[in-house]
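Heads up, the thing below is written out as structure tokens.
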Amino acid sequence: MTRILIVDDEPHIVSLVSRAVHAEGYDAVGADDGPEALALALAGDIDLIVLDVGLPTMDGFEVLRELRGSGDTTPVIMLTARSGTSDTIEGLDAGASDYVPKPFAVAELMARVRSRLRDSAASAPTVLSRGPVTLDILARRATVDGRDVDLSAREFTLAEQFLRHAGEVLTREVLLSRVWGLDFDPGSNVVDVYVRYLRSKLGPDRIATVRGEGYRWD
């Protein structure tokens, strides 16, 4: 599920935008200061960020510069109550994808969110390869050593997560959210079951178990 990080130190703004995000069928994550926002953004499971400039401790410009300095290319829409061309220029030069002044119309903000998500999806690779395993995202086709492998829709989406984040530890909570859209249930073993399915189809040594944390594509 698409996850949008909403960063603002005004709770009513976070709540307002979160409701609009949920109405679009996306998942919303909130933060009210710069360091928290940066940590969430760098966790690797955010698809777009709505980022206020006027944040405590670390302002939005600094968060954006740190994010881009790390190599992260997540689309960022800046929000600001400040007026003046210089702030707009600073935000765009720091790597912002778009800039929306406060007060804003929620409908316009969501139109910009949809537009940036479309741009991001269009630029994402459509063929993922890790060693002998290849996924063609558009054709929904999986191959191992050039041989077609039949994957269910859930198996394909789970495999896509592993290949997109090869070498990273993906927790069960993260996989449940991204593949099944569920809140974390410590009693659920659905992730473990589907990892076994993938191992049987893609190779037993491709997905490593990281004890106490989750799984990693090696």
- Item | Amide H contacts of Y99 (H built 1.01 Å from N, under 5 Å, at least 5 apart or other chain) | M78
- Item | Sum of side-chain charges, L198 neighbourhood, beta-carbon under 9 Å (Lys, Arg +1; Asp, Glu -1) | +3
- How long is segment 1-44 along each principal axis, judged by its Cα atoms, biggest number first, in Å? 28, 24, 6
- Enter the angle in degrees (range 0 to 90, nearest 10) between the Cα long axis of helix 153-164 and the first principal axis of the Cα atoms of the chain, meaning the one along which they spread out most. 70 degrees
- Message: How large is the accessible surface of T209 in square angstrom, using a 1.4 angstrom probe and rounding to the nearest 10?
- Response: 80 Å²
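Could you work out how much longer the chain between A81 and R19 gets when fully extended? Use 0.36 nm per residue separation minus the Cα distance between them, nm to one decimal. Each step should come with its number before you reach the end.
Values: separation 62, 0.36 × 62 = 22.32 nm, distance 2.09 nm.
Full-extension gain reported as 20.2 nm.
Which percent of the accessible heavy-atom area of the chain goes to carbon and sulfur, probe 1.4 angstrom? Before the final figure, lay out the partial values.
Details: 5300 of 10850 Å².
With neighbouring chains kept in place, the figure for the chain is 49 percent.
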- Message: So, for the chain, what is the accessible surface per residue at a probe of 1.4 Å, expressed in square angstrom?
- Response: 50 Å²
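If Lys and Arg each add +1 and Asp and Glu each add -1, what is the summed charge of the other residues whose beta carbon sits under 13 Å from the beta carbon of T157?
On the way: positive: R140, R154, R164, R178; negative: E155, E160.
Residues near T157 contribute +2 overall.
The values are calculated or read from the model by the stated rules, or taken from the named source; none is laboratory data. No experiment lies behind these values; they were computed from the predicted model shown. Cβ atoms come from the backbone with ideal geometry, glycine included; neighbour counts cover every protein chain shown. For the accessible areas, the whole protein counts, side chains as well, though only heavy atoms, and no ligand, DNA or RNA atoms are used. Shrake-Rupley method; radii C 1.70, N 1.55, O 1.52, S 1.80 Å.
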